[in-house]
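Shown next, in structure tokens, is the structure this report addresses.
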Amino acid sequence: NKNYEMIETSVKGQVGLIELNRPKVLNALNRQMVSEVLSAMEAYDENADIKVIILAGKGRAFAAGADIDEMMDADAVSMETLNQFTDWDRLAWIKKPVIGAVHGFALGGAFELALCCDMLFAAENAEFGFPEVNLGVMPGAGGTQRLTKLVGKTKAMEWILSGKRISAKDALHHGIINSTFAEEVLMEETLKFADTIANQAPIAVRLIKESILKAVDYPLYEGMQYERKNFYMLFATEDQKEGMRAFKEKRKPDFKGK
Ligand code: CO8
């Protein structure tokens, strides 16, 4: 879509790529950029030819956080009425897997955006962190909640209170990211992984993502009930019949997303 000003989109086979594109300010996230990211994700989500979404940054960083120029003169009432986080809330409704490919900085709001991804692949030079405390504020797009649920209270307190950066190695150690790669091959490797998912049965992929996300918020029993309904539902798909028939016939399944 040529109407985007803050992002670039491109299709690689069955994968829809979104790249943050304000490299001069290290892709600082302004409201327009976040809104464009969501529009692009929703368009990919509705496009049956796209199976997986990758989010990355152009230039030398994923992104250095929310646009400080846009925030500095904000006041609480204007922020409440502007209600910018409705765009962020739309992220939760994206049904296809979203993989973040992070190189360089992923700070503040950009770390929050990364934490909204279903999986994160990072370059060895990636640096994550919540520097908000240095600016007299705090994370506002889920940082205190998502990081704490992911790594527990101990490290979340340390990192968010100090604003200290987290190296790719530490992020990997604490389960924040899935893998690290040399920067030169990050996109290639991320696309390779995305392709693996893109060739799975799409409805199964969709319901797996949905069920795993429920595990984060639901108590175990409720989560299990949710999982069970999704499991049953897959037996209404042609792909379930095809997948199991292909196994018996010792051939590769030909999934149709139905
Ligand atoms: N906002 C606006 N401009 C930025 C930002 C930013 N977050 N980050 C970098 N820039 C600009 C710089 O001002 C600079 O512009 P110029 O060339 O005109 O001076 C250009 O990008 C390049 O940056 P540097 O020269 O500073 O590059 P360095 O390599 O020396 O340093 C750093 C890189 C360490 C990343 C440094 O730029 C930095 O500290 N940036 C700010 C990081 C930060 O504090 N981020 C958190 C912002 S607060 C936040 O994210 C709150 C989230 C709340 C909700 C989310 C809503 C969207």
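Readers should treat all values here as calculations from the given coordinates under stated rules, not as data from a laboratory. On a predicted model such as this, the values are computed, not experimentally measured, just so you know. Every residue, glycine as well, gets a Cβ built from its backbone with ideal geometry; the counts of neighbours run over all protein chains shown.
Every residue, every condition in (1) at positive phi; (2) more than 8 Å from the ligand (Cβ to nearest atom); (3) surrounded by fewer than 19 Cβ atoms within 10 Å (Cβ to Cβ), yes or no:
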{"position": "Asp67", "(1), (2), (3)": "no, no, no"}
{"position": "Ser78", "(1), (2), (3)": "no, yes, yes"}
{"position": "Lys95", "(1), (2), (3)": "no, yes, yes"}
{"position": "His103", "(1), (2), (3)": "no, yes, no"}
{"position": "Phe130", "(1), (2), (3)": "no, no, no"}
{"position": "Val133", "(1), (2), (3)": "no, yes, yes"}
{"position": "Gly143", "(1), (2), (3)": "no, no, no"}
{"position": "Thr148", "(1), (2), (3)": "no, yes, yes"}
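Within segment 1-15, if we keep just the residues that are aliphatic (A, V, I, L, M) and either without any contact (Cβ under 8 Å) to a residue 60 or more places away in the chain or within 16 Å of the ligand (Cβ to nearest atom) (or both), the residue that is nearest to Met79 (Cα to Cα) turns out to be Met6. Scanning segment 113-131 for residues that are without any contact (Cβ under 8 Å) to a residue 40 or more places away in the chain and more than 19 Å from Ile212 (Cα to Cα) yields a count of 2. Each residue in segment 21-32 was checked for being in a helix (DSSP H, G or I) and either of a type in the set (A, V, I, L, M, F, W, C) or within 15 Å of His103 (Cα to Cα) (or both), and 2 of them qualify.
Restricting attention to segment 16-37, and to residues there that are more than 12 Å from the ligand (Cβ to nearest atom) and closer than 18 Å to Cys116 by Cβ, which single residue is surrounded by the fewest Cβ atoms within 10 Å (Cβ to Cβ)? Once the filter is applied, the top-ranked residue is Glu19. Of all residues in segment 41-65, those satisfying the criterion of being within 16 Å of the ligand (Cβ to nearest atom) and of a type outside the set (D, E, K, R) are Met41, Leu55, Gly57, Gly59, Ala61, Phe62, Ala63, Ala64, Gly65. Show the residue pairs meeting these rules: Cβ distance below 7 Å; 6+ apart or different chains; first residue within segment 229-255 and free of Cβ contacts under 8 Å to residues at least 24 places away in the same chain; second residue of a type in the set (A, V, I, L, M). Cβ pairs passing all conditions: Asn230/Leu207; Lys252/Ala246.
Which residues, taken from segment 43-59, are charged (D, E, K, R) and either under 15 Å from Gly100 (Cβ atoms) or touching a helix residue (DSSP H, G or I) at 6+ places or on another chain (Cβ under 7 Å) (or both)? Give the derivation first.
Just the residues of segment 43-59 that are charged (D, E, K, R), to begin with: 45-46, 49, 51, 58.
Of everything in segment 43-59, those that are charged (D, E, K, R) and either under 15 Å from Gly100 (Cβ atoms) or touching a helix residue (DSSP H, G or I) at 6+ places or on another chain (Cβ under 7 Å) (or both) turn out to be Lys51, Lys58.
Figure legend. Inter-residue proximity from segment 180-195: first residues in contact (Cβ under 8 Å) with a residue 12 or more places away in the chain, second residues in a helix (DSSP H, G or I), beta-carbon distance below 6 Å, spacing 6+ or different chains. Indicated pairs: Thr180/Ala168; Thr180/Leu172; Phe181/Glu189.
Taking segment 97-123, which residues are touching a Phe, Trp or Tyr at 6+ places or on another chain (Cβ under 7 Å) and farther than 23 Å from Ile68 by Cβ? If the condition is that a residue be touching a Phe, Trp or Tyr at 6+ places or on another chain (Cβ under 7 Å) and farther than 23 Å from Ile68 by Cβ, then Ile99, Ala101, Phe121, Ala123 are the ones that fit. The one condition from (1) touching a residue at least 40 places away in the same chain (Cβ under 8 Å); (2) charged (D, E, K, R); (3) touching a Leu at 6+ places or on another chain (Cβ under 6 Å) that Arg146 does not meet is (1).
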